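Read the structure below first, then the notes.
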């Protein structure tokens, strides 16, 4: 499994240990670092990210494994746009190589940046940007309606989700935190998740997908005890289907 984070998450080490303990050597957690990682995310684009992500996927299927190796991409927060872009567009591109194929995707905290700019940017900028540069294109892509990064907003229509979630051809696990502080209280999280599910092809939506109870955005500070373990149990259940 390849892992690419959005912003800081506290549970990667725990996730890796749990996967090793439960699934043994069949799965390994790999953190893929691309040019948008850490302080670079404000000057990148989804198209460039997916092209770069294709390289470690290729490595895991060749030098790091073989053509039969299973590779699942898990992302958090803003990083979730990378996964849905990879699955819905990059893998459906005529120039796509089978050696870059993903066998599944996991979205943890796939929230809309444009619906919560006050939470994510003006108020959260000192915590989130860490002095990172951000170009005009990237800012517009994140906060504008129907920008390139606008995959998860509640105002999007079934047709919009059909063009994104509906184009995914491999199993997809969605884990949304019910106490996500970056989601406006006016948004019905469960209804939004059900709308995504309604617009995905039969057999693609993974049954372990869930609204994680008492979990914050990164299932860290502010989450109830056991929230991380609960979230990880859904990931493990998803991966078990590949064994």
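Placing pseudo-labels 7 Å out from each Cα toward the beta carbon at residue 59 and residue 14 gives an inter-label distance of 2.8 nm.
With the Cα gyration tensor of the stretch 153-243 giving a ≥ b ≥ c as the square roots of its eigenvalues, does the rule (a/c under 1.5 for rounded; else a/b larger than b/c for prolate; else oblate) give rounded, prolate or oblate? Here the stretch 153-243 falls in the oblate category. From its DSSP helices (H runs of at least four residues, each -39,500 (n - 2.57)), the chain gives a residue-normalised ellipticity at 222 nm of -9500 deg cm²/dmol. In the chain, Cα pairs under 8 Å separated by at least six residues give a relative contact order of 21 percent.
By count of other Cβ within 10 Å, fewest leading, how are 83, 157 ordered? Taking fewest neighbouring Cβ atoms as first place, the list is 157, 83.
Going from the fewest other Cβ atoms within 10 Å to the most, the residues 177, 45, 35 appear in the order 35, 45, 177. Remark: 138, 198 ranked as 198, 138, counting other beta-carbon atoms within 10 Å and listing the fewest first.
Taking label points 7 Å from Cα along the Cα-to-Cβ direction, residue 39 and residue 240 give a separation of 4.3 nm.
Rule-based calculations on the coordinates, nothing more; no lab input. Because the structure is a prediction, the values reported are computed rather than measured. Glycine gets a Cβ as well: all are built from the backbone with ideal geometry, and neighbour counts include every protein chain shown.
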